[in-house]
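Asks: Quick one: this structure, given as C-alpha cells, is what I'll be asking you about.
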DNA sequence: TACTAATATTTC
DNA sequence: AAATATTAGTAT
C-alpha cells in the first residue's frame with residue numbers, strides 16, 4: 001500500500017495536513033524535494049510564527065502558490081486509514097472541528113527523554129545493628145531475596161519508605177534497577193477454562209462465532225446482575241486472541257477496578273493493557289506503541305481507548321453500555337458507546353454492548369433487529385432473582401418525620417432475627433433535602449443555582465448538590481431572626497440513619513455515602529467490612545447500587561422509589577428504572593434468596609410496575625407508549641437540532657449544523673445561544689423535540705441557565721433527547 | 001487619552 | 001494551542 005504522493009523522483013508537490021487544533025480544514029503545504037509523504041504520515045509543519053505536528057490527511061492538488069513547506073516527517077507510525085476515517089466520521093457526526101477530533105487520536109509524539117529506570121531493593125546483607133519492629137517487618141516482607149519496588153515493599157510491610165532507606169544505608173538491602181515490566185504480555189486464551197452454565201456457554205459461543213466471522217455486527221449482551229456477563233464476553237475475547245486479533249474492552253473509568261483486572265488475569269494469565277487517565281506518560285507511550293505494532297492483544301480502557309491506533313482490531317466490548325460516563329461533554333462531545341459502534345463498522349469487526357440495564361436507544365436497536373439480542377436470563381449457579389414488592393405509602397404511612405413503613409420495619413426485623421443483612425437505599429445525601437423556617441417559611445436556596453440547600457448535619461453545613469456551594473448552618477432564621485425555628489424537611493441518608501438507630505437499637509448499621517470524609521480508601525474498607533458481614537443494616541446512596549457483591553444481603557428496602565420519576569429530565573424514568581433494578585439486584589446474591597421492598601406513593605406507575613414484573617421489555621414498552629402519547633416521534637429519528645454558538649469560531653459549527661439540517665425530517669431551528677432555548681420556551685418555534693445530535697448535554701442545566709435571564713413563559717415545555725448514530729450508519 | 005484586561009480571531 | 005488583533009473597561 002505505497003501510495004506515496006511524490007511525482008517523479010523524490011518529493012515536490014503539495015499535501016493537505018490536518019493539525020490537531022480546533023481547525024476543521026486541513027491546510028495545504030508544499031513538500032520539499034527529497035521528502036516522500038503518504039496520507040497518515042505525521043509531520044512537523046509551520047503554523048503562524050511557530051511549528052506544530054500535523055497529519056498528512058490527503059494528497060494535495062499540487063496547486064496554490066507560495067505555500068509554506070513541511071518541515072520534516074516525524075519518526076512515528078502513520079495513522080492508518082481506519083483511524084483517519086474514524087476521525088472524519090466523528091467530526092462530521094459531533095459537529096466538532098476535524099482537528100479537535102484528531103487531537104483525541106494523536107497523542108503527542110514520543111519525546112526522547114530516556115526512561116528513568118525504576119529502582120527496587122533486594123535483601124542482600126546482614127541485619128542492621130539496631131533492630132526495630134518496623135525494620136523487622138520490612139526485612140520479613142523482603143524474605144526470599146526477590147527484587148521488589150521500594151514503595152511496594154513499604155506498603156507490604158506497612159512501614160514508610162524512610163525505613164527502607166535506612167536499611168539500604170545499613171547495607172541490609174541493596175538497590176538495583178527494576179526490570180521493565182511487560183506492558184502487554186500475550187494473554188493465554190486457555191489459561192483457565194471457566195465453568196459455564198448451559199446458557200452462558202450458548203451465548204459465549206454465539207459471541208465467539210461473531211469474532212470468527214470477522215464482520216460487522218452489533219450484539220447486545222443483556223444479563224441481570226450476577227449472570228456472569230464478564231465471563232461470557234471473555235469467551236469472545238479468547239476467540240480473538242486465538243485468531244491473533246486485537247480486542248478492546250471499554251468500561252466507565254470507575255469500573256476499571258482491581259477486581260476486574262484480577263478476573264481478567266485469572267482467566268487469561270496476564271493483565272490486559274490498561275488505558276485510562278491515571279496511566280501516565282511513559283507507560284501510555286509504550287502501550288500505544290505496542291498497540292500500533294499489534295502486540296498488545298487486549299486493551300481495557302476508558303472511553304478514550306476508542307481512539308488508539310489498533311493494528312488489527314477484531315472485537316470491541318462496551319461494558320455497562322448504559323453508563324452516562326461514556327459521554328464526553330467537554331471539548332469534542334461524543335458518546336463512546338456510539339462511536340464504538342462506528343469504529344467497529346469501519347474495522348468490520350463485531351461489537352458487544354454489555355449491560356444488565358441497557359439504555360433505551362440500545363434496546364430500540366435490538367428490538368428493531370439492528371442489533372443481535374443475546375440474553376443471560378439466569379443468575380450464575382442457579383441463584384434466583386430477588387422477588388420485588390411494592391409498599392403503598394398511602395396505606396402504610398410512616399408517622400410524621402419517619403420514613404420507614406411498618407412493612408419494611410417488619411421485614412428488617414425478620415432479617416435481623418435471621419442474622420441476614422438488609423440494605424436501605426435512599427438516593428439522597430445529607431440529612432434533609434430542604435430546610436425551612438417554621439415561623440416565616442424562609443427556605444434556604446443556593447445563591448448560584450436556585451436549588452435548595454441540603455442540610456448536612458455531620459458537617460454542620462448547608463450544601464448545594466448542584467454546584468458545590470457550602471455555607472454554615474445558622475442557628476436562627478436569616479429572614480425573621482427567630483432563633484431555633486429551622487426545621488428539616490424530607491429525608492437524607494443521615495436522617496434515615498437516625499431513624500434506624502432508634503428503630504433497631506441493637507443492630508449494627510453503617511451509612512455509605514460518597515461525600516463522607518476518608519475518600520475512596522475508607523469506602524473500600526467499609527464495603528469490604530459489609531461484605532464480610534460486620535454490619536446488619538446498610539444505609540446507602542447511589543454508590544451501593546453498583547459493582548459490590550454482598551453475599552449476606554437478602555433484603556433491599558427502597559425508601560423512596562418515586563424519587564427521580566417526577567423530575568423534568570428526559571432520561572429520568574430510564575435512569576430510575578436502571579438504578580432501582582441494580583440496587584434491588586443487590587439482594588440474594590449469596591446462598592439465600594433475596595427480596596426487595598419498594599416504598600411508593602404511586603404503585604400503579606408504569607416504571608414501577610414494569611420493574612416489579614421483572615421483565616425489562618415491559619419498561620421499554622411503557623416508555624414507547626408514553627412517547628407516543630406525548631406525540632413525540634419514535635426513537636432513532638433525528639427530529640430537530642439546536643446548536644449554540646458563542647463566537648465566530650462556533651459560527652462554523654452553525655454552518656455544519658445547517659448542512660445537517662437537510663437530513664432532519666422534522667422542524668429545525670438553528671439559533672444563537674441566547675435565542676435558542678428562549679425561542680422554544682416562548683413557543684415561537686414549535687419544536688416538541690429538541691435534539692442536540694451527539695451533544696446530549698444536560699438540557700435541564702442548559703435551560704435553567706437561560707431562564708435566569710428571561711421571564712419564565714407560561715405553559716410547560718416538553719424536552720426530549722434523542723441521540724443515535726445508527727440513523728446515519 | 002493611555003493603558004490594561006478580557007475576548008475574539010487567525011493560523012496553509 | 002498559541003500568537004496576535006480587537007474591544008471593553010479603567011485610570012489619568
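Asks: For residue A:453, are the conditions met, namely being surrounded by 19 or more Cβ atoms within 10 Å (Cβ to Cβ), farther than 26 Å from residue A:410 by Cβ and either in contact (Cβ under 8 Å) with a residue 12 or more places away in the chain or not assigned by TED's automatic domain parsing to the domain that holds residue A:423 (or both)?
Replies: Yes; evaluated as a whole, the condition is true for this residue.
Asks: Has the stretch A:432-439 got at least one residue that is within 28 Å of the chain's Cα centre (by Cα) and surrounded by 13 or more Cβ atoms within 10 Å (Cβ to Cβ)?
Replies: Yes, that holds for at least one residue.
Asks: Is it true that residue A:79 is within 16 Å of DNA strand C (Cβ to nearest atom) and either closer than 19 Å to residue A:100 by Cβ or modelled with pLDDT of 95 or more (or both)?
Replies: No.
Asks: Within the group A:373, A:322, which residue is within 28 Å of the chain's Cα centre (by Cα) and in a loop (DSSP other than H, G, I, E, B)?
Replies: A:322
Rundown of residues vs (1) touching a helix residue (DSSP H, G or I) at 6+ places or on another chain (Cβ under 6 Å); (2) assigned by TED's automatic domain parsing to the domain that holds residue A:341, yes/no style:
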| residue | (1), (2) |
| --- | --- |
| A:186 | no, no |
| A:193 | no, no |
| A:202 | no, yes |
| A:206 | no, yes |
| A:210 | no, yes |
| A:214 | no, yes |
| A:220 | yes, yes |
| A:228 | yes, yes |
| A:232 | yes, yes |
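Asks: What tally of residues in the stretch A:28-64 results from selecting those that are over 38 Å from the mean Cα position of the chain (by Cα), more than 9 Å from DNA strand B (Cβ to nearest atom) and assigned to a strand (DSSP E or B)?
Replies: Selection size over the stretch A:28-64: 2.
Asks: So, residue A:515, is that one within 30 Å of the chain's Cα centre (by Cα), part of a loop (DSSP other than H, G, I, E, B) and either crowded, with 16+ Cβ neighbours inside 10 Å or on the phi < 0 side of the Ramachandran plot (or both) or not?
Replies: Yes; evaluated as a whole, the condition is true for this residue.
Asks: Still on this structure: Please specify each residue of the stretch A:325-359 satisfying the condition of being within 16 Å of DNA strand C (Cβ to nearest atom) and either part of a loop (DSSP other than H, G, I, E, B) or buried (at least 24 other Cβ atoms within 10 Å of the Cβ) (or both).
Replies: Within the stretch A:325-359, A:329, A:330, A:331, A:332, A:333, A:334 meet the criteria.
Asks: What do you reckon, is residue A:266 buried (at least 24 other Cβ atoms within 10 Å of the Cβ), assigned by TED's automatic domain parsing to the domain that holds residue A:371 and outside any loop (DSSP other than H, G, I, E, B)?
Replies: In short, no.
Asks: Please go through the stretch A:481-506 and give me each residue that is under 22 Å from residue A:545 (Cβ atoms) and assigned to a loop (DSSP other than H, G, I, E, B), ordered by number.
Replies: Passing the criteria: A:490, A:491, A:492.
Asks: Now for a different question. Yes or no: residue A:3 part of a loop (DSSP other than H, G, I, E, B), modelled with pLDDT under 95 and either within 16 Å of DNA strand C (Cβ to nearest atom) or buried (at least 17 other Cβ atoms within 10 Å of the Cβ) (or both)?
Replies: no
Asks: Test of understanding: among A:74, A:47, A:104, A:35, which residue is modelled with pLDDT of 90 or more, more than 29 Å from residue A:335 (Cβ to Cβ) and within 16 Å of DNA strand C (Cβ to nearest atom)?
Replies: Matching residue, one of A:74, A:47, A:104, A:35: A:47.
Asks: Another question, then. Condition check: modelled with pLDDT of 90 or more and either within 16 Å of DNA strand B (Cβ to nearest atom) or surrounded by 21 or more Cβ atoms within 10 Å (Cβ to Cβ) (or both). Does residue A:610 satisfy that?
Replies: yes
Asks: Could you identify the single residue in A:438, A:370, A:400 that is over 25 Å from residue A:579 (Cβ atoms) and without any contact (Cβ under 8 Å) to a residue 12 or more places away in the chain?
Replies: Residue meeting the stated conditions: A:400.
Asks: Count, please, the residues in the stretch A:460-486 that happen to be touching a strand residue (DSSP E or B) at 6+ places or on another chain (Cβ under 8 Å) and closer than 21 Å to residue A:516 by Cα.
Replies: Residues that pass the stated criteria total 11.
Asks: Then there's this: Check A:310, A:334 and return the single one that is closer than 20 Å to residue A:101 by Cα, more than 17 Å from the chain's Cα centre (by Cα) and more than 16 Å from DNA strand B (Cβ to nearest atom).
Replies: Result: A:310 is the single residue among A:310, A:334 that is closer than 20 Å to residue A:101 by Cα, more than 17 Å from the chain's Cα centre (by Cα) and more than 16 Å from DNA strand B (Cβ to nearest atom).
Asks: Which of the numbered conditions does residue A:508 fail, given that it passes all the others? Conditions: (1) in contact with a strand residue (DSSP E or B) (Cβ under 8 Å, 6 or more places away or on another chain); (2) over 27 Å from residue A:589 (Cα atoms).
Replies: (2)
Asks: On the given criteria, is residue A:255 at pLDDT below 90 and surrounded by fewer than 22 Cβ atoms within 10 Å (Cβ to Cβ)?
Replies: For residue A:255, the condition - at pLDDT below 90 and surrounded by fewer than 22 Cβ atoms within 10 Å (Cβ to Cβ) - is met.
Asks: Checking residue A:166 against (1) more than 30 Å from residue A:235 (Cα to Cα); (2) at pLDDT below 80, only one condition comes out false. Which one?
Replies: (2)
Asks: Tell me which residues, restricted to the stretch A:521-541, are under 19 Å from residue A:428 (Cα atoms) and either without any contact (Cβ under 8 Å) to a residue 12 or more places away in the chain or surrounded by fewer than 18 Cβ atoms within 10 Å (Cβ to Cβ) (or both).
Replies: The answer is A:523, and nothing else.
Asks: Only one of these conditions is not met by residue A:66: (1) at pLDDT below 90; (2) closer than 18 Å to residue A:27 by Cα; (3) touching a helix residue (DSSP H, G or I) at 6+ places or on another chain (Cβ under 7 Å). Which number is it?
Replies: All conditions pass for residue A:66, except number (3).
The values are calculated or read from the model by the stated rules, or taken from the named source; none is laboratory data. It should be emphasised that the depicted structure is a prediction, and the values quoted were computed from it without experimental measurement. Cβ atoms come from the backbone with ideal geometry, glycine included; neighbour counts cover every protein chain shown.
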